[in-house]
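For reference, the structure is listed below as structure tokens.
Nothing in this text is a laboratory measurement; each read-out follows from the coordinates by a stated rule. Bear in mind the structure is a predicted one, so any value in this text is a computation, not a measurement. Ideal geometry is used to build each Cβ from the backbone, glycine not excepted, and the neighbour counts take in all protein chains shown.
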């Protein structure tokens, strides 16, 4: 059984789908992309961070479809490390404000060309990586200059399912979304 077309597919131009069809690696920022960008601290100074469960499943679907997932973040956080471990993301680079350099270091160990990379970020430290990657993605709550340079701005905000939207874009462009959804559409009849 196949699913209906993705509701955003009609809004994705052919040029965007062509770029997304080449992606073999997606690298993501954390704050403002995988979370809402706010920093929460308890009275004891403990950091709290919320991750969207929709994003997590989307990333797992990408990995199951053979797309490598990496996270490059300017902050160091044990919460981020735990979440990435829980998702099975092996490539985590924390404390890196130089996102493009970090991304280039990562891909130097892989057989991946710049046009096969998607990078998703929301603020100025992400801009060089967005411009370097074959597919630059941002969110509507991202900084205005980043939105101007990205190939795609998601419909939903960072921390609210934006990563899942990017995952669906890539899976749709590679004709892998139906396969990722198939087990959820199987009938018991």
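The angle between the Cα long axis of helix 162-173 and the longest principal axis of the Cα atoms of the chain comes to about 40 degrees, rounded to the nearest 10. As a proxy for reagent exposure, ranking 80, 15 by other Cβ atoms within 10 Å from fewest up yields 15, 80.
Would you mind classifying the range 1-68 by shape? Square roots of the alpha carbon gyration tensor eigenvalues, ordered a ≥ b ≥ c; an a/c under 1.5 is rounded, otherwise it is prolate if a/b is larger than b/c and oblate if not. It is prolate, given that a/c is not under 1.5 and a/b is the larger ratio.
Fewest-first ordering of 34, 110, 63 by other beta carbons within 10 Å of each residue's beta carbon gives 110, 63, 34.
Listing 122, 31 from fewest to most neighbouring C-beta atoms within 10 Å gives 31, 122. Give the shape of the range 75-134 as rounded, prolate or oblate, defined through the alpha-carbon gyration tensor: a ≥ b ≥ c are the square roots of its eigenvalues, a/c under 1.5 means rounded, and otherwise the shape is prolate if a/b is larger than b/c and oblate if not. In terms of gyration-tensor shape, oblate. With a simple spin-label model that places each label point 7 Å from the Cα along the Cα-to-Cβ direction, the separation between residue 98 and residue 145 comes to 1.9 nm.
Can you give the calculated 222 nm mean residue ellipticity of the chain, where each DSSP H run of n ≥ 4 adds -39,500 (n - 2.57) and the sum is split over every residue, rounded to the nearest 500 deg cm²/dmol? Don't skip to the end; give the middle numbers.
Working: 8 runs with 72 residues, N = 189.
It lands at -11000 deg cm²/dmol.
To the nearest ten degrees, helix 78-87 and the longest principal axis of the Cα atoms of the chain are 20 degrees apart.
Let me check against my output: what whole-number percent is the relative contact order of the chain, with C-alpha pairs under 8 Å and at least 6 apart? Let's see the in-between values first.
Values: 345 pairs, mean separation 54.6, N = 189.
The value is 29 percent.
The long axis of helix 53-64 is offset from the longest Cα principal axis of the chain by roughly 70 degrees. Of all beta bridges DSSP finds with both residues in the range 9-181, what is the antiparallel percent, to the nearest 5? If we restrict to bridges inside the range 9-181, about 10 percent are antiparallel.
Annotation: peptides 41-49, 125-133, 144-152, ranked by per-residue average of other Cβ atoms within 10 Å with the highest first, follow the order 125-133, 144-152, 41-49.
Is the shape of the range 9-181 rounded, prolate or oblate, going by the alpha carbon gyration tensor and its root eigenvalues a ≥ b ≥ c, with a/c under 1.5 for rounded and a/b larger than b/c for prolate? Since a/c stays below 1.5, the shape of the range 9-181 is classed as rounded.
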